[in-house]
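Worksheet: the structure to be examined is printed underneath.
The values are calculated or read from the model by the stated rules, or taken from the named source; none is laboratory data. The structure displayed is predicted, hence computed values, not measured ones. Positions of Cβ are backbone-derived with ideal geometry, glycine not excepted, and every protein chain shown enters the neighbour counts.
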Amino acid sequence: MLKHITETTEYLVNKGFDKPEIGIVLGTGLGKLIDDIEIIAEVHYNNIPHFPLATVEFHTGKLVYGMLAGKKVIVMQGRFHLYEGYDFIDITYPIRIMHKLGIKNLLVSNAAGAINLDYKKGDIMIIDDHINLQGGSPLAFKGVSQFGERFADMSAPYDAEMIAKVEEIAADKNIKIQKGVYASVVGPQLETRAEYRMLKIIGADAVGMSTVPEVIVANHLNVPCLAVSVLTDECDPENLAPVNIAEIIEIAGQTEPKMITLFSELIKTL
Ligand code: HPA
């Protein structure tokens, strides 16, 4: 893996990805942050050596480098999911590349369902802890200790300082914000009513199909993380309507401007 990481990184440096300070992963329906970036370089995932091939059609699938709020950022517009058939190593490979390029912080977004029914669709939830229900780990491979401690600490995977800053920004900008525990599942099927009941019992406030593997790898590499969920549906097991993916994407898009404000204002302070 080390040789691949070197080759991918060299390719991107040659394309102009020059010492990014902040890495950003944009989730489903949350790609518009790109419009605020003064783009210096961009490459489609399919052209990057050793990158997984982009599949899901509502993801544009490119890596963008440029300036945002006065900082050099590298942005994944669209991420890789286990449900597309990739493994844990594939979906976290871009995090290793961003780390190798030199990022000092990682900001992550996703669309998620609200398990905590005090939280409503269209709310933004800061993730302050997670539950990995994906049945595996991105650190379970031979040679992981070349990258860091195998038994990686997960006592505080989300950076308290960045969380406090986002809370301050939200208060300042009058953006309603929630905070809670994100549970990651494989998908792509949505959950049954019994599964939503279980998620509530075990302490999840939101559920989605991403983020946790990326955050585990970033922690392993000592990159501080901030992650937010855009809540796109309310997972009430007693009144469960059939899922509507088009609506989930629409709600994500409507909520996106608030997320963009939080990220841009946070980046100014980093
Ligand atoms: N479950 C899993 N993933 C999701 C959901 C959900 O209810 N909503 C958006 N992503």
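In segment 135-145 there is at least one residue matching the filter, namely being touching a Pro at 6+ places or on another chain (Cβ under 6 Å), within 15 Å of Asn219 (Cα to Cα) and not aromatic (Phe, Trp, Tyr). Going by the structure shown, is Ile127 in contact with a Ser or Thr (Cβ under 7 Å, 6 or more places away or on another chain) and either at pLDDT 95 or above or within 28 Å of Ile251 (Cα to Cα) (or both)? For Ile127, the condition - in contact with a Ser or Thr (Cβ under 7 Å, 6 or more places away or on another chain) and either at pLDDT 95 or above or within 28 Å of Ile251 (Cα to Cα) (or both) - is met.
Among the residues of segment 115-169, those that are without any contact (Cβ under 8 Å) to a residue 40 or more places away in the chain and of a type in the set (Lys, Arg) comprise Lys142, Arg150. Of all residues in segment 47-81, those being out of contact with any helix residue (DSSP H, G or I) (no Cβ under 8 Å at 6 or more places or on another chain), surrounded by fewer than 17 Cβ atoms within 10 Å (Cβ to Cβ) and at pLDDT 90 or above number 2. Of all the numbered requirements in (1) within 14 Å of the ligand (Cβ to nearest atom); (2) more than 21 Å from Tyr83 (Cβ to Cβ); (3) at pLDDT below 95; (4) part of a helix (DSSP H, G or I), Glu247 misses one, and that requirement is (2). Scanning for something of a type in the set (A, V, I, L, M, F, W, C), more than 12 Å from the ligand (Cβ to nearest atom) and under 23 Å from His130 (Cα atoms), does segment 180-197 turn up at least one residue? Yes, segment 180-197 contains a residue that is of a type in the set (A, V, I, L, M, F, W, C), more than 12 Å from the ligand (Cβ to nearest atom) and under 23 Å from His130 (Cα atoms).
Within segment 159-170, does at least one residue satisfy the condition of being in a loop (DSSP other than H, G, I, E, B), modelled with pLDDT of 95 or more, more than 10 Å from the ligand (Cβ to nearest atom) and among the aliphatic types (A, V, I, L, M)? No: zero hits. Could you go through segment 25-42 and let me know if any residue there is out of contact with any strand residue (DSSP E or B) (no Cβ under 7 Å at 6 or more places or on another chain), at pLDDT below 95 and under 25 Å from Ile177 (Cα atoms). Yes, there is a match, as at least one residue in segment 25-42 is out of contact with any strand residue (DSSP E or B) (no Cβ under 7 Å at 6 or more places or on another chain), at pLDDT below 95 and under 25 Å from Ile177 (Cα atoms).
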